[in-house]
Amino acid sequence: MNSFELIPYVVPAVVLLLILGSAIKILPEYERGVVFFLGRFQGVKGPGLIIVIPVIQQIVRVDLRVITLDVPSQDVISKDNVTVRVNAVLYFRVVDPERAIIRVEDFGSATSQLAQTTLRSVLGKHDLDEMLSERDKLNSDIQEIIDAQTEEWGIKVANVEIKHVDLNESMIRAIARQAEAERERRAKVIHAEGELQASKKLVEAADVMSTNSGAMQLRYMQTLADMSTNNSSTIVFPLPIEMMSSFMGQSKPSAPSEKNKE
């Protein structure tokens, strides 16, 4: 049998091999196949070896791994009318391949657009200070909103993280001035509280000294000792406490006598 006689057998064999090659599908563990029979949904198959009848059946592969989606920078006007540029990263995965393929045309693009609009709407309800100091709360709020809307598409949003909040130079300088003013305010408050506590202690000390005359003399001698240790040209002449009290007693106006009354 020559080669020309084998041609009628070779062509059908090649066609059969091509049909088998297109019919056999191998899906890895992290993929599933959504199978359609004459355009109608038939089922979700995989992983492993799958036989698909060419032309009659079609298969769409769906990746079940976590997908990292970089949300582009968005111009956001905060509640206190400050314009900032914010970008974020979103982590999601497909939990229902049937709904991810049938109910939305492109679930990746749809999730990206939803994340951008949600990011602008949520951050626009908060002040700039909240954007900078309460990122965990904002991340949780954005994740809950997106996850509630993508559940219809068979998508689970695992996490949302705000990466950067970019400000212009004028706003950065204003925040620096505000922080400096806040530090000065706290320093003055602390100083005032210290003065208040010191005044209370001085009042208590004065009450103790007023009840004991010896305490005043000891304080007087301690003050003289402190002054003597300083390198100054001041000359101090100590006077007895009794002498000073006698002078103070004489300086008080005396009571009017009986003659003056007459």
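Along region 113-125 the Karplus relation, 6.51 cos²θ - 1.76 cosθ + 1.60 evaluated at θ = phi - 60°, assigns HN-Hα couplings of 5, 5, 5, 5, 5, 5, 4, 5, 5, 6, 5, x, 8 Hz to successive residues, with x for each Gly and Pro. Take the Cα of Glu29, step 7 Å toward its Cβ, do the same at Met209, and the gap between the two points is 8.4 nm.
Please report the carbon-and-sulfur percent of the accessible area for region 23-72; probe 1.4 Å, protein heavy atoms only, DNA, RNA and ligands left out. Walk me through the intermediate numbers first.
Numbers: 1870 of 3060 Å².
Using a 1.4 Å probe with all protein chains present, region 23-72 comes out at 61 percent carbon and sulfur.
Enumerate by residue number the GluC sites (Glu not before Pro) in region 129-158 meeting two conditions: DSSP loop (anything except H, G, I, E, B), and at most 16 other Cβ atoms within 10 Å of the site's Cβ. For GluC sites (Glu not before Pro) across region 129-158 that sit outside H, G, I, E and B with at most 16 neighbouring Cβ atoms in 10 Å, the list reads Glu134. Under 1.5 on a/c is rounded, so check that first for region 13-58, then, if it is not, pick prolate when a/b is larger than b/c and oblate when it is not; a ≥ b ≥ c are the square roots of the alpha carbon gyration tensor eigenvalues. Since a/c reaches 1.5 but b/c is at least a/b, the shape of region 13-58 is classed as oblate.
Projecting label points 7 angstrom from Cα along Cα→Cβ for Ile67 and Val189 puts them 4.9 nm apart.
With 22 Å as the limit, write out which pairs from Lys137/Lys188; Lys137/Lys163; Lys79/Lys137; Lys45/Lys156; Lys125/Lys156; Lys125/Lys163 have Cα-Cα distances beyond it, or answer none. Result: Lys137/Lys188; Lys125/Lys156 exceed 22 Å.
Solvent exposure of region 1-135 amounts to 61 Å² per residue of accessible area, where only protein heavy atoms count and the probe is 1.4 Å. Surface analysis of region 136-194 yields an accessible area of 68 Å² per residue, using protein heavy atoms and a 1.4 Å probe.
For the ranges 177-190, 78-91, what's the packing order if you count other beta-carbon atoms within 10 Å of each residue, average per peptide, and put the highest first?
Numbers: 177-190: 10.1, 78-91: 16.2.
By packing density, highest mean first, the sequence is 78-91, 177-190.
For Glu144 and Lys79, the FRET efficiency from 1/(1 + (r/R0)^6), where r spans their Cβ atoms and R0 equals 25 Å, is about 0.80.
Here region 65-132 and region 158-176 have alpha carbon centers that stand 17 Å from each other.
The values are calculated or read from the model by the stated rules, or taken from the named source; none is laboratory data. Everything numeric here is computed off the predicted structure, so don't read it as measured data. Methodologically, a virtual Cβ is constructed for each residue, glycine included, from the backbone with ideal geometry; neighbour enumeration extends over all protein chains shown. Accessible surface is based on the protein model in full, side chains and every heavy atom, while ligands, DNA and RNA are left aside. Shrake-Rupley method; radii C 1.70, N 1.55, O 1.52, S 1.80 Å.
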